[in-house]
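Take a look at the structure below.
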Amino acid sequence: MSGSPVAPLTVNGREYRWPERPLVVVCVDGCEPEYINQAIASGSAPFLASLRSRGICLTADCVVPSFTNPNNLSIVTGAPPSVHGICGNYFWHRDAGAEVMMNDPKYLRAGTILAAFAAAGASVAVVTAKDKLRALLGHRMAGICFSSEKAAEATLAGNGIDGVVDLVGMPVPSVYSAELSEFVFAAGVRLLERERPDVMYLSTTDYVQHKAAPGVGAANDFYAMLDRYLARIDALGATLVVTADHGMNAKTDAFGRPNVIYLQDVLDTAFGAGGTRVILPITDPYVVHHGALGSFATVYVTAADAVAGVAARIAALPGIEAVLTREAACARFELPGDRIGDLVVVSERLTVIGTSRDRHDLSALDVPLRSHGGTSEQQVPLIANRPARAGALAPGRRWRNFDAFDLGLNLLQ
Ligand SMILES: [Zn+2]
């Protein structure tokens, strides 16, 4: 350990003990529990299978919207979006009259567990697949923080490390590839061997999960790769906690055709253009694999007295699971009220929500649409390579993916 043991740290109201050995928390993007289940059943994941007898496996709820950024930030802050402020990739800034991207750390309202441990003297490393997450995850954190995507550009001054490509021994992969995630694991293993950080956070991309259902060859191949790296992390003596940012489901009919509700078109027809504004917080610069379609939307209603009518119109649509007022959505999903619309809309497992038909390019979808965002993708695995301390797993506790650091630092033997 690089720092001397200190009293537990308090971050966002929760206590975390100093690690007794390196802690590696892995966020496997889009890891529906069934991916691991099927990989184990096919013999592709012998290490994960071995944890059945010596580790623990819980099923946890992620935060809704079940998107990447809100959940990664929840995991590293140990808190829901009502505390850290990141509830999607976009929100509508009413005063500015513009859609604002929330990738900038200035929108982060809470410190991270990673930054707190680094400030207390721990060595901390973060590796993420896509660069869009790097600045948020590494906000105000002293230590190593880089993305696979921009690995070749990492510098000592900017990322706490240089020579990453040589260290990892893999070429920098395409942003749309399984290798982008493999690079994260390969880097994590090399960092554990060379730097032995006290705390490490590894976060992948869901490129494979958007394309391949659990048990399909490409999915099992991905989990076989994951399994090999997790086994090495385990063999290097680290405590390992594996969770996911969200699950993943097919969003199609039985012929593989996407089930899309073009909500802005529906509302424009019913209430006139300009009466409502549908925001899809899944929208980001990398939309090829999901066409910016997910199971969550938020709706801003121009006239305050029209909110109830708009809610009733949306609730009547087939494929809609829930329409909540801002207050109800904040209470149920722990969201920041100033960054969501008047209504929050969640679609059912097989259905996604779009804005207007002409704003979604589905031509790049070369396989049937798989996506996330709703409560149907809320359940994720929470796995550790060590057993829990006696009495540490409170019966009836609602586990969250953002309990990963609590589990890894406080609750394991
Ligand atoms: Zn994700």
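Computed values, structure above
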item	result
Dimensions in Å of the chain - Rg and Dmax from alpha carbons	20.8, 64
The range 205-345: relative contact order in percent, alpha carbon pairs under 8 Å with at least 6 residues between	17
The range 301-337-the range 50-77 distance, computed between alpha-carbon centres (Å)	27
FRET efficiency for ALA312 and ASP361, using Cβ-Cβ distance with R0 set to 30 Å, rounded to 0.05	0.45
Highest to lowest packing among 383-396, 116-129, 16-29, scored as the average C-beta count within 10 Å	116-129, 16-29, 383-396
Under 17 Å from the Cα of LYS130 - aspartates and glutamates, other chains or at least 8 residues apart	ASP29, ASP104, GLU149, GLU153, GLU179, GLU182, ASP206, ASP245, ASP284
Distance between modelled label sites at ARG398 and GLU193, nm, 7 Å Cα→Cβ extension	4.4
Taking all pairs of distinct alpha-carbon atoms in the range 58-119, Kirkwood radius in angstrom	12.5
Spatial separation of Cα centroids for the range 345-388 and the range 181-243, in angstrom	21
Heavy-atom surface of the range 82-153, accessible at 1.4 Å and reported per residue (Å²)	36
Fraction of antiparallel bridges per DSSP, the chain only, in percent to nearest 5	60
Heavy-atom accessible area per residue - the range 239-341, 1.4 Å, Å²	37
Under 19 Å from the ASP131 label point (7 Å along Cα→beta-carbon), backbone N, the range 191-225	203-207
Gained length - GLU15 relative to ARG94, 0.36 nm times residue gap less alpha-carbon distance	24.8 nm
Sequence ranges 166-173, 214-221, ranked by mean other-Cβ count within 10 angstrom, highest first	214-221, 166-173
Estimated 222 nm signal from helices in the chain, with DSSP H stretches of n ≥ 4 weighted -39500 (n - 2.57), rounded to 500	-8000 deg cm²/dmol
With every protein chain in place, the chain: carbon and sulfur % of accessible area (1.4 Å)	51
Mean separation of Cα contacts under 8 Å, 6 or more apart, over the residue count of the range 105-212: relative contact order %	28
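The values are calculated or read from the model by the stated rules, or taken from the named source; none is laboratory data. Model, not experiment: these values are computed from the prediction. Cβ coordinates were reconstructed from backbone atoms using ideal geometry, including for glycine residues, and neighbour counts include every protein chain displayed. With ligands, DNA and RNA removed, areas are computed over all heavy atoms of the protein, side chains included. Shrake-Rupley method; radii C 1.70, N 1.55, O 1.52, S 1.80 Å.
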